[in-house]
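Novice: One structure, pasted below without further comment.
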Amino acid sequence: IIGRKPEKHGVRGIKNTEEENVTWEVDLDLGSHKRVSKQHAFLAFNFLDNSFEIKNISTKHPIYVNDEELKPWQIMSLSSRSLIKIGSIEFYFLLPIEN
């Protein structure tokens, strides 16, 4: 999961009701940028296609892969050196070099 951690130190989620506490975790924290959702993207390996994929799980903000927009719940295959933009953060998806 790619996104941002809660702003307050030690807070793990948002309290929706008195009985319910929703928690979230991120594996890659992109910082406290407001255009990065708490859980923004899901990165996984697709064993059927033998490729990595990124899924936009943010309902408010798009993801861009090589300047192509991914709307909420869209999935796109990634290749090594794919440029990913989430909010104002840009980074490359890199795979190991094969010899």
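Coordinate-derived values only; no laboratory data. In this text the structure is predicted, and so the values were computed from the model without any measurement. Here the Cβ positions follow ideal geometry from the backbone for every residue, glycine too, while neighbour counts run over all protein chains shown.
Novice: Provide the per-residue ³J(HN,Hα) series for region 91-97, in order, calculated from phi with Karplus coefficients 6.51, -1.76, 1.60 and θ = phi - 60°, each as a whole number of Hz, with x at glycine and proline positions.
Specialist: Coupling constants for region 91-97: 7, 9, 8, 10, 10, x, 7 Hz.
Novice: Karplus couplings for region 28-45 from phi (6.51 cos²θ - 1.76 cosθ + 1.60, θ = phi - 60°), rounded to Hz, Gly and Pro as x?
Specialist: Running phi through 6.51 cos²θ - 1.76 cosθ + 1.60 with θ = phi - 60° gives 10, 8, 8, x, 9, 5, 6, 8, 10, 6, 4, 10, 9, 9, 10, 10, 8, 9 Hz.
Novice: Also, quick follow-up: Which value, in debye to the nearest 20, gives the size of the charge dipole of region 49-99 about its Cα centre, when Lys and Arg are +1 and Asp and Glu are -1 at the Cβ?
Specialist: In total the dipole reaches around 240 debye.
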